[in-house]
Amino acid sequence: MSDCIFCKIAAGAIPAARVYEDEQLIAFKDIAPQRPVHILVIPKKHITSLATVSADDAPLLGQMLAKAHEIALAQGSPAGFRVIINTGEIGQQEVQHLHMHILGGPQPVGPMVQKH
């Protein structure tokens, strides 16, 4: 899509701090990180959201999840990480291109820390 910022990043038209790339995916640092490690993983193929995937996209989705641990480790989150995929307006998806957040880094301290 010509007006999609993530498609422009995938095409190299907009620079991003890339940390991983293969034939299907690109991972880059979030410009407004919420944790010391905050990486976005996007498919090079434009998919609007999880709400629009098809069965044909299953291998791509699997690739995104399979690479999460490798990317988190390489970026300095060996003790664990979170994976978040926001979907649609209710899910607070801001960019209409499927993307996965990898959040991690050192464990925060203080009253905000909750264990589930």
Subject >> Ile71, sole failed condition from (1) in contact with a Lys or Arg (Cβ under 8 Å, 6 or more places away or on another chain); (2) open to solvent by less than 20 Å² (accessible area, probe 1.4 Å); (3) not small (Gly, Ala, Ser) >> reply: (1)
Original post:
Could you count how many residues in the range 1-35 are of a type in the set (A, V, I, L, M), within 18 Å of Ile47 (Cα to Cα) and open to solvent by 30 Å² or more (accessible area, probe 1.4 Å)?
Top reply: 3
Subject >> Among the residues listed as Ala51, Ala58, the single one being open to solvent by 50 Å² or more (accessible area, probe 1.4 Å), in a helix (DSSP H, G or I) and touching a residue at least 24 places away in the same chain (Cβ under 8 Å) >> reply: Ala51
Original post:
within 22 Å of Asp22 (Cβ to Cβ), open to solvent by less than 40 Å² (accessible area, probe 1.4 Å), among the hydrophobic types (A, V, I, L, M, F, W, C) and touching a residue at least 40 places away in the same chain (Cβ under 8 Å) - does that describe any residue in the range 77-85?
Top reply: no
Subject >> Lys44 among the basic types (Lys, Arg) and under 19 Å from Ile102 (Cβ atoms) >> reply: yes
Original post:
Within the range 1-28, can you find the residues that are in a strand (DSSP E or B) and free of Cβ contacts under 8 Å to residues at least 24 places away in the same chain?
Top reply: Arg18, Glu21, Ile26, Phe28
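The values are calculated or read from the model by the stated rules, or taken from the named source; none is laboratory data. What you see is a predicted model; the values in this text were computed from it and never measured. Counting neighbours? That spans all protein chains shown, and the Cβs are built from the backbone with ideal geometry, glycine included. Remember, those area values only see protein heavy atoms, side chains included, never the ligands or the DNA or RNA. Shrake-Rupley method; radii C 1.70, N 1.55, O 1.52, S 1.80 Å.
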